[in-house]
Amino acid sequence: MTATTTLPPASARPAGRRSSRRRSLSPGKRWALRIASVAAILIAWQIYGGSINPILLSDPSAVAVAFVDMVRDGTLGHALASSLTVLGLGFAFGAVAGVAIGLAAGRSEVIAALLEWPVNALYAVPAVALIPVIVLWFGFAVTTKTVVVFLFVIFPVLINTTRGVREVDPELVEVAKSFCSSERRLWIDLILPSALPFIVTGLRLAIGRALIGVIVAEYYTSLSGLGDLISTNASNFQTARMFVPIVVIAMLGVVCTALLELAERRLVQWRKVPQ
Amino acid sequence: MPPPHLVLDDVCVEIGGKRILEDVSLSIAEREFVCVIGTSGGGKTTLLRTVAGLLPATSGAVTLAGAPVTGPSPRTAMVFQHFGLFPWKTVRANIAYGLRVQGRPVDPDLVRRLLATLKLGAVADYYPSQLSGGMKQRVGIARALAAEPDVLLLDEPFSALDAITRESLQNEVLRLWEGNAAMTALQVTHDIDEALLMADRVVVVSGPPGRITFELKVDLPRPRDSQAIRAHEDYPGMRKLLWDSLNTPGPLEAPGTVPETAPGTVPETALERVPEAAPARVRPGTAPLAEGI
């Protein structure tokens with residue numbers, strides 16, 4: 001983008017208040033630190049895990065071996081496909097519904113008032129508590145698990161989206177009106193761009209909750225997917241094999257968050273420009 | 001005198017049951033520059049928003065070129081006090097905003113010309129957050145001009161700028177308006193010098209509720225310039241008249257002492273108060289009132 005390249009370098013801009021802020025790292029340094037932190041955790045785990053009973057903790061090299069085994073015999077692939085289906089469906093429906101309802105509630109006082117108490121009540125009730133009812137309604141299949149993930153995802157998205165629409169600068173609404181903007185153009189020019197950072201924040205929170213939702217659903221409905229792998233291997237004292245799905249979930253979380261951050265950087269480019 | 005272009009006829013505005021503007025009658029000729037001046041909270045911005053069609057008049061009527069103003073119109077364009085730029089649009093996109101949103105074709109030549117005139121060429125692809133206040137308001141002005149309005153509305157357009165930037169931008173807007181053959185302008189300000197620099201006629205609004213308490217025709221020669229105008233012999237007298245009318249609103253706005261045709265009679269009172277300060281050329285209240293048309 002030309003705007004970013006024509007700016008003076010950070011060192012040429014006045015210091016002062018800015019110097020007390022977090023200093024931004026060069027990309028190379030940031031990657032080095034990220035890798036160092038993971039390596040430190042793995043090394044500590046390897047040293048400590050190797051010194052105690054492998055049933056209690058196991059260690060990274062054993063987990064790596066188990067990982068290869070489980071990829072070879074297809075158990076991991078099968079479980080991952082099952083979990084990702086639930087995750088993807090639940091997240092997609094939850095995100096779409098959360099954004100749509102959130103936009104409506106942000107723009108219309110009537111819808112906001114109608115939704116306020118039910119949403120707050122449902123948000124306060126742990127989704128786990130609802131699982132027996134959901135099973136009663138939807139059985140034990142993929143639908144039930146998707147509904148559980150959906151319930152984990154929708155609220156942070158909905159609440160953040162509503163907030164984003166509410167935060168629209170009233171002066172800019174006035175500007176749009178004074179230039180005779182239609183409601184449709186108002187959404188394109190003003191409401192969506194200003195709500196977008198809030199929506200992305202909601203989605204980021206929702207990713208973490210969706211992963212929790214998947215495992216919870218797999219534990220409490222019918223055992224399947226990565227949740228089943230964790231539970232079954234733990235019962236059989238196959239600790240290394242138990243850690244494989246846990247590490248996979250952790251990696252999923254990191255990758256999904258990174259992808260969303262990338263999307264955000266693309267979409268909210270104007271914000272990343274130094275002020 | 002050209003026919004009246006923008007007419008406010010006995011306009012009252014109430015917001016939440018509170019009366020903000022009362023019986024405001026004002027008639028602005030085509031290509032006239034009128035400044036509304038008053039203290040904060042006096043209702044002058046409400047007056048401008050009503051003219052822009054952003055606020056409905058509770059009673060009375062606003063007409064633009066004979067047609068009643070019932071909502072925002074593409075024939076008016078507004079410059080905002082706090083710039084009102086879209087942070088996610090570049091300078092270029094902000095300038096084209098009015099045209100886009102009204103479904104009118106965006107002439108790249110027009111945009112280029114405005115970028116050049118307002119010295120924005122070098123920052124055409126910047127986002128507003130990268131600009132200084134003065135630059136932001138240049139964008140705000142360019143956006144309003146791009147819409148090629150019949151009436152330019154300016155809501156304290158320079159009040160958020162530092163003194164030096166303010167003066168140079170005042171001069172630039174003045175030149176733009178003086179060089180434009182067809183544009184009527186209505187500006188709100190709380191700065192007497194700014195009003196005298198820009199306007200053909202200054203209208204004092206005091207409130208609440210806001211009423212027109214004084215009018216002053218500023219027949220200083222054009223083209224004007226902020227430095228030259230202050231040296232004009234009539235300038236100090238006009239300045240004092242406005243200053244007095246702003247500072248002693250008490251008897252003027254007290255109910256009962258102001259007849260229904262307030263703007264026509266009030267200047268007499270003002271002149272009586274400061275007879276020696278009023279130069280011969282100052283003829284307050286000479287502009288036609290809505291009732292008189």
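Just so you know, all these numbers are worked out from the coordinates, no wet-lab data involved. Because the structure is predicted, anything quoted here is derived from the model rather than measured. Please note: Cβ atoms are built from the backbone with ideal geometry, for glycine as well, and neighbour counts cover all protein chains shown.
With helices as the sole contributors, the protein assembly as shown gives -17500 deg cm²/dmol at 222 nm; each DSSP H run of n ≥ 4 counts as -39500 (n - 2.57), and the sum is divided by every residue. For every other residue with a beta carbon closer than 11 angstrom to the beta carbon of residue B:65, add +1 if it is Lys or Arg and -1 if Asp or Glu, then tell me the sum. Neighbourhood net charge equals -1. With Cα atoms defining each centre, the range B:25-93 and the range A:50-82 are spaced 70 Å apart in the structure. On the principal axes of its alpha carbon atoms, the range B:51-100 extends 40, 20, 12 Å, with the longest extent given first. Mind checking which lysines have their Cα closer than 17 Å to the Cα of residue B:240? Skip sequence neighbours fewer than 8 apart in that chain. Those lysines meeting the cut-off are B:217.
Arranged by the count of other C-beta atoms within 10 angstrom, fewest first, what order do A:133, A:200 take? Placing the least packed residue first, the sequence is A:133, A:200. Electrostatic tally near residue B:102: other residues with Cβ closer than 15 Å to its Cβ, Lys and Arg +1, Asp and Glu -1, net +2. Note that the range B:59-171 shows a convex hull volume over its alpha carbon atoms of 125 Å³ per residue.
Taking the number of other C-beta atoms within 10 Å as the exposure measure, put B:44, B:136, A:29 in order starting with the fewest.
The order, fewest Cβ neighbours first, is A:29, B:136, B:44.
Rounded, prolate or oblate, given the Cα gyration tensor of the range A:169-252, with a/c below 1.5 counting as rounded?
prolate
Extension gain for residue A:255 to residue A:78 (0.36 nm times residue separation, less C-alpha to C-alpha distance): 61.7 nm. Taking every residue in B:116-128 and counting other chain Cβ atoms within 10 Å of its Cβ, the average works out to 2. Extents of the range A:84-125, taken as max minus min of Cα coordinates on every principal axis and listed largest first, are 37, 23, 9 Å. Beta-bridge orientation, the protein assembly as shown: approximately 50 percent antiparallel, per DSSP, counting only bridges with both partners inside. With a threshold of 19 Å on the Cα-Cα distance, the over-threshold entries among A:177/B:119; A:177/B:89; B:18/B:44 are A:177/B:119.
Can you give the angle from 0 to 90° between the axis of helix A:239-267 and the longest principal axis of chain A, with both taken from C-alpha atoms, to the nearest 10? Once rounded, one gets 10 degrees. Peptide B:77-88 has a mean of 5 when you count, residue by residue, the C-beta atoms of other protein chains within 10 Å of its C-beta.
Express the Stokes-Einstein translational diffusion coefficient of the range B:146-197 in µm² s⁻¹, to the nearest whole number, given a Kirkwood radius over alpha-carbon pairs, 20 °C and a viscosity of 1.002 mPa s. My calculation gives 183 µm²/s for D. Each 10 Å bin from 0 upward holds the following percent of the Cα-Cα pairs of the protein assembly as shown: 3, 14, 19, 17, 14, 11, 9, 7, 4, 2, 0.
For chain A, the Kirkwood estimate of the hydrodynamic radius, built from every pair of different alpha carbons, is 22.0 Å. Among the lysines, which fall within straight-line cross-link reach of residue A:29, defined as a Cα-Cα distance under 21 Å, with same-chain neighbours fewer than 8 residues apart omitted? Within reach: A:272.
With a 10 Å cut-off around each Cβ of A:178-189, the average count of Cβ atoms from other chains is 6.
Sorting B:194, A:116, A:109 by the number of Cβ atoms found within 10 Å of their own Cβ, with the fewest placed first, yields A:109, A:116, B:194. One quarter of the convex hull surface built on the alpha carbon atoms of the range B:93-249 amounts to 10.6 nm², the projected area averaged over directions.
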